Amino acid sequence: MYWGNGVWGAGDWVAMSAMMVLFWGVLAAAVVWFVRMGRGNRGPVRSADHADVLLAERFARGEIDGDEFTRGRELLHGSGSSRLRGGS
């Protein structure tokens, strides 16, 4: 009736530990998946949009002036010349 007198061997402890790690890992992955799904499908950010945001942030911090901001926007959106002013 009592196989092994109720004594757990080393293999039993390893299996129990592995199952606990697997359980908590699956639970954490499910939570992350549900949180990401709950945000909705916003789609990937286009690189031009990201570059616009970075350009505007640099302009707001004073790292670049108005002319550099305008040239950067022209280069990003393809309007006007594709060369920088003053370059060859």
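None of the figures in this text is laboratory data; all of them are computed from the coordinates on show. Quantities reported herein were computed from a predicted structural model and do not represent experimental measurements.
Sequence-ordered 3J(HN,Hα) estimates for segment 29-37 from the Karplus curve with 6.51, -1.76 and 1.60 and θ = phi - 60° stand at 5, 5, 5, 4, 5, 5, 5, 5, 5 Hz, glycine and proline given as x.
The HN-Hα couplings worked out from phi for segment 12-25 by the Karplus form 6.51 cos²θ - 1.76 cosθ + 1.60 (θ = phi - 60°) are 5, 5, 5, 5, 5, 5, 4, 5, 5, 4, 4, 4, 5, x Hz, whole numbers, x standing for Gly and Pro.
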